[in-house]
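Colleague: Mind having a look at this structure? Questions to follow.
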Amino acid sequence: MSNSTSQFPLASILGYPRIGPNRELKFALESFWHGENNDLAATADELRVKRTRRLRDLGLEEAGAIPEDFSYYDQVLDIITALGAVPERFAPERKVLADSEPESTESLKAQFTIARGEGDRAALSLMKWLDSNYHYLVPEIGPDTEISYLGSKRVRAIATTKDAARTRPVLVGPLTFLLLASAADNAPEGYEPFERLDDVLAGYKGLVEDLKANGATLVQFDEPALCSDRHTVARDRILDGVAKVYGELAEILPTAVALSYGHAEDVVDVLAKTKVDTVVLDLVRGCEPGEADLNRWAESYAGRTIALGIVSGRNIWRTDLDEALETLRRIKKNLGDDVRVAVTTSTSLQHVPHDVSREESLDPQIRSWLAFADQKVEEVVALAKGLAEGDEAIEDALSDSRAAATSRREHPGVKVEEVRKATAAVTDDDRNRGDYAERKAAQDEALKLPLLPTTTIGSFPQTKEIRAARAAHRRGELSTADYEAAMEKEIHDVIRTQEEIGVDVLVHGEAERNDMVQYFAEHLNGFVTTTHGWVQSYGSRCTRPSILWGDVTRPEPITVRWSGYAASLTDRVVKGMLTGPVTIMAWSFVREDIPWGEVADQLGLCLRDEVRDLEAAGVQVIQVDEPAIRELLPLRSTEETEYLRWSVGSFRLATGSAAKETSIHTHLCYSDFATVVDAIDRLDADVTSIEASRSRMAVLPAIAEHGFDRGLGPGVWDIHSPRVPSVEEISELIDRALDALAPEQLWVNPDCGLKTRGWEETSASLKNLVEAAKAAREKLS
Ligand code: GLN
Ligand code: ZN
């Protein structure tokens, strides 16, 4: 690396959790929204200072090693507000953003209005960030969206930190910003936000100039969308955009471009022709670059840095340091002496909790296998040192890593012979329920439901009382018997309410579930849950993913007690509720020592037993929720077939033994699911409910065209808002649905579960839904 002038630190991370070790940001935000704490910026500053000190203590000492990525709500919103790129309905907020300092109270309020909506001005929508469970705010961009640089909090953070040289501002890059945007409502048919690249680039130039003027010496752009081929914009146009954008931005400040969540060799080659200082590769979800690529980059990146993201930002397992060092050395050797090689994380660490050493109630053996954000920082530092100075320099870290690997390999729960035998014995027949027409006839006969049956998606309002009872039970203040009695009372009330309203297929309401995934994790062997393992989901919302570490078994029936009780209370049909294998995996931290398809089948077998037990308890309809099936869809379409093979396969394993008479439902909750119509078809559920009310059934023609002939319940009530839809509105949606579907196929239900709603709007809306279904039935007969 003789004459390199590259600025990128040899050990760094791409980003750090923003929520705070004790969810300080969450609580500060919520009290700001309630008007209690008006000095939110002061809390944020405190968090930033603590974080910088912590990261320095953990060994991020070089210039530019500490990412300045703090966000009050979301990293995409930070760009939306910096560029003022908001839809027309937020014109007043844009003015505030333009006229005030980025972290003033007025400006923060305006940002939160854009993020959360106000009155009838809908918030920007939320979408999953790449294939993760984090939600970003979707920019709405049209031909007339005003875009210009208005100021950024990143600049203030750099200007006020005492450690400016050590920090490195992180920004979502311009291409990702536009590729993940949606067309504004008033944009012409087929409009692509990407058309605004020049204007967005001009805005970013203003931002980078401002950073430079305030002391930044290096800037990182996150461009994960470049690792995906699921865009409507042609690849050539995207690559031309990359050349143009980074050709210009890299002239202003030394620039690093992070290609996380996958791989994009073509982008690496295009960036080589610009003055970009550093390109970051994801070696965890991407793949190790081949020799031909490395040989090319050995020349084209001479004098610059290639940073290798080898410590996973997505999962909580300790890195195998021996293996990682071997990979790093192999790549370094192929890149030769002219390219600087740096060590970093595969993505921002925003997807993992802060610090595993605080998990005192976790089994110490299992805890020793884990690395949360702080431990990952130490891993990066150790790997960089090992790469520079050899194994001897990091002997302690290596021996800890080896001990953890051995302990994990030898733990009896990691490989349970019966489980391995059971998954190996699965045959195609086990995933096959036979002819749908026959099933449909048997179910019609058994269930005797009217045309256009009404149902809900599973949960009813989780009231204060329910949550208080659960908390008291957890603290030991409420006995198990009293807790169960409270849940039974809730189920009883929910059943009576549905009977009174006249719903056809009833649910028990899921009162006993804290969370649709964690509940199952707590009742299966092979999982542990954490105490402080919070991860930001969006804004102030956090989730605490369970950790799936071992082979999965079901010690006893999980839901039968509650669903069976509900069924015993009524003559009407009751629907049992399970969470599907793919969703359990998508919303947990999952082991990576065996293929995901095998993990999914283990879960599938446990759920299969649960289905059998529910049937035995007299439950005739069973819904297996898979809201996350699209989320895990690979960013590269070539990997789709393999993904669908195992994901669909595990769902079918879970449901495959159900009797013909048993009606299997599934639920998926997003509207743009035209992309996965094929997958939905292959799930082979008897009835599928989906979100459809906001898009006003826009997705149905595609489904009809696909020849989908099973039951379908497109949502007719948008449960994301407390508004009560009128009978007329619901009737109109039913009519639209009937334009695309046969009456025998159509179910009438809300978009999703009602957990976050209040009772008042829930019963009013449900009454209207039932009335609209009855009216439609009459019209048909
Ligand atoms: N059965 C779940 C519920 O009603 C489904 C939730 C979801 O789709 N995310 O809450
Ligand atoms: Zn849903």
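Colleague: What are the pairs with Cβ atoms under 6 angstrom where one residue, in segment 515-535, is closer than 20 Å to Thr553 by Cα and in contact (Cβ under 8 Å) with a residue 60 or more places away in the chain and the other, located anywhere, is buried (at least 21 other Cβ atoms within 10 Å of the Cβ) and among the aliphatic types (A, V, I, L, M)? Sequence gap at least six, or different chains.
Modeller: Final answer for the pair search is Val517/Ile584; Phe520/Ile584; Leu524/Val552; Gly526/Val552; Phe527/Ala521; Phe527/Leu548; Val528/Ile547.
Colleague: Let me confirm something: among Val677, Val624, Val648, which residue is of a type in the set (A, V, I, L, M) and within 16 Å of ligand 2 (Cβ to nearest atom)?
Modeller: Working: Val677 fails: within 16 Å of ligand 2 (Cβ to nearest atom); Val648 fails: within 16 Å of ligand 2 (Cβ to nearest atom).
Only one candidate qualifies: Val624.
Colleague: Can you give me the number of residues within segment 82-135 that are under 21 Å from the mean Cα position of the chain (by Cα), charged (D, E, K, R) and in a helix (DSSP H, G or I)?
Modeller: 1
Colleague: Another one. Is it true that some residue in segment 697-710 is buried (at least 19 other Cβ atoms within 10 Å of the Cβ), closer than 29 Å to Leu179 by Cα and either within 16 Å of ligand 1 (Cβ to nearest atom) or of a type in the set (Val, Ile, Thr) (or both)?
Modeller: Yes, segment 697-710 has at least one match.
Colleague: Of everything in segment 404-436 that's within 30 Å of Gln365 (Cβ to Cβ) and polar (S, T, N, Q), which residue is surrounded by the most Cβ atoms within 10 Å (Cβ to Cβ)?
Modeller: So, considering only residues that are within 30 Å of Gln365 (Cβ to Cβ) and polar (S, T, N, Q), the one surrounded by the most Cβ atoms within 10 Å (Cβ to Cβ) is Thr423.
Colleague: List the pairs whose first member sits in segment 677-688 and is under 19 Å from Pro453 (Cα atoms) and surrounded by fewer than 23 Cβ atoms within 10 Å (Cβ to Cβ), whose second member is modelled with pLDDT of 95 or more and of a type in the set (A, V, I, L, M), and whose Cβ atoms are under 8 Å apart, counting only residues at least 6 apart or on separate chains?
Modeller: Asp686/Ile664
Colleague: Something else: Ala685: over 21 Å from Ser765 (Cβ atoms) and either away from ligand 2 (no atom under 16 Å from the Cβ) or of a type in the set (Asp, Glu) (or both), yes or no? Full working, then the answer.
Modeller: Numbers: over 21 Å from Ser765 (Cβ atoms): yes; either away from ligand 2 (no atom under 16 Å from the Cβ) or of a type in the set (Asp, Glu) (or both): no.
Taking the combined requirement at face value, the residue does not satisfy it.
Colleague: Out of (1) within 28 Å of Phe527 (Cβ to Cβ); (2) touching a helix residue (DSSP H, G or I) at 6+ places or on another chain (Cβ under 7 Å); (3) surrounded by fewer than 24 Cβ atoms within 10 Å (Cβ to Cβ), the odd one out for Ile306 is which?
Modeller: (1)
Colleague: Additional query: Is it true that some residue in segment 634-650 is under 15 Å from Arg710 (Cα atoms) and within 18 Å of the chain's Cα centre (by Cα)?
Modeller: Start the filter on segment 634-650 by keeping residues that are under 15 Å from Arg710 (Cα atoms), which leaves none.
No, because not a single residue in segment 634-650 is under 15 Å from Arg710 (Cα atoms) and within 18 Å of the chain's Cα centre (by Cα).
Colleague: In segment 518-537, is there at least one residue being under 30 Å from Thr423 (Cα atoms), among the polar types (S, T, N, Q) and in a strand (DSSP E or B)?
Modeller: Pass one, segment 518-537, residues under 30 Å from Thr423 (Cα atoms): 518-530.
With the extra rule that they be among the polar types (S, T, N, Q), the set shrinks to 518, 525, 529-530.
Add one more test, that the residue is in a strand (DSSP E or B), and what stays is 525.
For segment 518-537, residues under 30 Å from Thr423 (Cα atoms), among the polar types (S, T, N, Q) and in a strand (DSSP E or B): present.
For every residue, the table says whether it meets (1) more than 18 Å from the chain's Cα centre (by Cα); (2) over 30 Å from Ser368 (Cβ atoms); (3) more than 16 Å from ligand 1 (Cβ to nearest atom).
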position: Thr531; (1), (2), (3): yes, no, yes
position: Trp534; (1), (2), (3): no, no, yes
position: Ile547; (1), (2), (3): no, no, yes
position: Pro557; (1), (2), (3): yes, yes, yes
position: Arg572; (1), (2), (3): yes, yes, yes
position: Val599; (1), (2), (3): yes, no, yes
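Every residue, every condition in (1) outside any helix (DSSP H, G or I); (2) of a type outside the set (Val, Ile, Thr); (3) touching a strand residue (DSSP E or B) at 6+ places or on another chain (Cβ under 7 Å), yes or no:
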residue	(1), (2), (3)
Leu201	no, yes, no
Tyr204	no, yes, no
Lys212	no, yes, no
Gly215	yes, yes, no
Asp229	yes, yes, no
Val233	yes, no, no
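Colleague: Checking the structure you have, find out if any residue of segment 676-688 is within 13 Å of ligand 1 (Cβ to nearest atom) and among the hydrophobic types (A, V, I, L, M, F, W, C). Even if it seems obvious, please write down each step before you answer.
Modeller: Taking segment 676-688 first, the residues within 13 Å of ligand 1 (Cβ to nearest atom) are 688.
Of the ones still in play, those that are also among the hydrophobic types (A, V, I, L, M, F, W, C) are none.
No: segment 676-688 contains no residue that is within 13 Å of ligand 1 (Cβ to nearest atom) and among the hydrophobic types (A, V, I, L, M, F, W, C).
Colleague: On to the next question. Using the structure shown, decide if Ser695 is closer than 17 Å to Ile457 by Cα, small (Gly, Ala, Ser), out of contact with any strand residue (DSSP E or B) (no Cβ under 6 Å at 6 or more places or on another chain) and within 15 Å of ligand 2 (Cβ to nearest atom).
Modeller: When the stated conditions are applied, Ser695 does not pass them.
Colleague: Moving on. With segment 403-502 as the region, which helices (runs of 4 or more DSSP H) entirely inside it contain at least 1 residues that are more than 31 Å from the chain's Cα centre (by Cα) and among the aromatic types (Phe, Trp, Tyr)?
Modeller: Those helices (runs of 4 or more DSSP H) span 436-447, 480-501.
Colleague: If you scan segment 630-654, which residues turn out to be assigned to a helix (DSSP H, G or I), acidic (Asp, Glu) and within 16 Å of ligand 1 (Cβ to nearest atom)?
Modeller: Here is the first cut: in segment 630-654, the residues assigned to a helix (DSSP H, G or I) are 637-654.
Checking the rest, the ones that are also acidic (Asp, Glu) come to 639-640, 642.
Listed by number, the list is empty, since nothing qualifies.
Colleague: What's the total number of residues in segment 540-558 that are among the β-branched types (Val, Ile, Thr) and either in contact with a Ser or Thr (Cβ under 6 Å, 6 or more places away or on another chain) or modelled with pLDDT under 95 (or both)? Please lay out each step first, then the result.
Modeller: Kept after step one, since they are among the β-branched types (Val, Ile, Thr), are these residues of segment 540-558: 543, 547, 552-553, 558.
Remaining after also requiring either in contact with a Ser or Thr (Cβ under 6 Å, 6 or more places away or on another chain) or modelled with pLDDT under 95 (or both): 543.
Residues that pass the stated criteria total 1.
Colleague: Hey, could you check segment 739-781 for residues that are acidic (Asp, Glu) and within 21 Å of Arg723 (Cβ to Cβ) and say which is farthest from ligand 1 (Cβ to nearest atom)?
Modeller: Filtering first and then ranking leaves Glu771.
Colleague: Just give me the residues in segment 258-305 being in contact with a Ser or Thr (Cβ under 7 Å, 6 or more places away or on another chain) and in a strand (DSSP E or B), in sequence order.
Modeller: The answer is Thr278, Val280, Asp282, Thr305.
Colleague: For segment 655-667, how many residues are within 15 Å of ligand 1 (Cβ to nearest atom) and touching a Lys or Arg at 6+ places or on another chain (Cβ under 7 Å)? Walk me through it before giving the result.
Modeller: Here is the first cut: in segment 655-667, the residues within 15 Å of ligand 1 (Cβ to nearest atom) are 664-667.
Add one more test, that the residue is touching a Lys or Arg at 6+ places or on another chain (Cβ under 7 Å), and what stays is 665.
Counting residues in segment 655-667 that are within 15 Å of ligand 1 (Cβ to nearest atom) and touching a Lys or Arg at 6+ places or on another chain (Cβ under 7 Å) gives 1.
Colleague: Could you list, in sequence order, all residues of segment 18-76 that are of a type in the set (Asp, Glu) and not in a helix (DSSP H, G or I)? Write out each step before concluding.
Modeller: Keep residues of segment 18-76 that are of a type in the set (Asp, Glu), which gives 24, 30, 36, 39, 45-46, 57, 61-62, 68-69, 74.
Once the filter is applied, which keeps residues that are of a type in the set (Asp, Glu) and not in a helix (DSSP H, G or I), segment 18-76 yields Glu36, Asp39, Glu61, Glu62, Glu68, Asp69, Asp74.
Colleague: Still on this structure, please answer the following. Answer yes or no as to whether Asn22 is touching a His at 6+ places or on another chain (Cβ under 8 Å) and either among the basic types (Lys, Arg) or over 25 Å from Val219 (Cβ atoms) (or both).
Modeller: Values: touching a His at 6+ places or on another chain (Cβ under 8 Å): yes; either among the basic types (Lys, Arg) or over 25 Å from Val219 (Cβ atoms) (or both): yes.
Considered against the rule, which asks whether it is touching a His at 6+ places or on another chain (Cβ under 8 Å) and either among the basic types (Lys, Arg) or over 25 Å from Val219 (Cβ atoms) (or both), Asn22 comes out as yes.
Colleague: Sticking with this structure for a sec: Would you mention how many residues in segment 657-676 are among the polar types (S, T, N, Q), closer than 24 Å to Leu180 by Cβ and either modelled with pLDDT of 95 or more or surrounded by 21 or more Cβ atoms within 10 Å (Cβ to Cβ) (or both)? Explain how you work it out, then say what you get.
Modeller: Here is the first cut: in segment 657-676, the residues among the polar types (S, T, N, Q) are 657, 662-663, 666, 671, 675.
From what is left, the residues that are closer than 24 Å to Leu180 by Cβ are 671, 675.
Narrowing further to those that are either modelled with pLDDT of 95 or more or surrounded by 21 or more Cβ atoms within 10 Å (Cβ to Cβ) (or both): none.
Residues flagged as among the polar types (S, T, N, Q), closer than 24 Å to Leu180 by Cβ and either modelled with pLDDT of 95 or more or surrounded by 21 or more Cβ atoms within 10 Å (Cβ to Cβ) (or both) within segment 657-676 amount to 0.
The values are calculated or read from the model by the stated rules, or taken from the named source; none is laboratory data. All figures in this text were calculated on a predicted structure; none of them were measured in a lab. Don't worry about glycine lacking a Cβ; one is built from the backbone with ideal geometry, like all the others, and counts go over all protein chains shown.
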